[in-house]
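Any read-out appearing in this document is the output of simple, stated calculations on the displayed coordinates, not a laboratory observation. Everything quoted here is computed from the prediction, not taken from an experiment. FYI the Cβ positions are ideal-geometry reconstructions off the backbone, even for glycines, and counts take in every protein chain you see.
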Amino acid sequence: MSRTVLLLSGPNLNLLGDREPEIYGTETLADHVGTATEAGLAHDLHVEHVQSNHEGELIDAIHHARGRCAAVVINAGAFTHYAWAIHDALAAFDGPVVELHLSDPKTREPWRHVSVVEPVADAVIAGHGGDGYRMAIDAAAELVDRV
């Protein structure tokens, strides 16, 4: 199996740094991908990143990762709360899945409290801001190394 981790970023994450900095911070998505890439290197993992505002593109990326990537780290954005098709695609992935959020959805608006990703995730990293990207890659590395 390859040592590639697919890092998925859902809708509106391309606006990080500008969008609601009081919640999501001032770091850009590129900053977070850089953090994840550095963390991956420390574990001899290659991080491959895909960002999309379209659910089907994220599903296609998950399907393409099957048999090719060692793990998936996903910040599904708002898709976290209702995209059952993403849930199903992740359930069909043959490696560990780490759910990631900059903020903690369970402390925010009630509609954000339910995650359709969590039931198929092996770990959840939420509420740690940008450091969560390092933590998520660390968790993925630990899970991959267990296999």
Helix-derived mean residue ellipticity, 222 nm - over the chain, DSSP H n ≥ 4, -39500 (n - 2.57), to 500: -11000 deg cm²/dmol
Among Thr26, Thr80, Thr37, residue whose mean-square fluctuation peaks in a GNM of the chain (springs only between Cα atoms under 10 Å): Thr26
Most mobile listed residue (Leu15, Leu100, Leu29) in the chain, GNM with C-alpha springs under 10 Å: Leu15
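Compute, for the stretch 1-117, the length of the dipole vector about the Cα centre, with Cβ point charges of +1 (Lys, Arg) and -1 (Asp, Glu) only. Units Debye, rounded to 20. Intermediate results must be reported in sequence, preceding the final value.
Numbers: 7 positive and 16 negative charges, 56 e Å.
It comes to approximately 260 debye.
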Other-chain or far-sequence residues with amide H under 5 Å of Gln51's (modelled H): Ser9
For the stretch 1-137: relative contact order, % (alpha-carbon pairs under 8 angstrom, 6 or more apart): 29
Qualifying chymotrypsin sites (Phe, Trp or Tyr not before Pro) in the stretch 1-98, DSSP loop, other Cβ atoms within 10 Å at most 16: Tyr82
Cα gyration tensor category, rounded, prolate or oblate, for the chain with a/c compared to 1.5: oblate
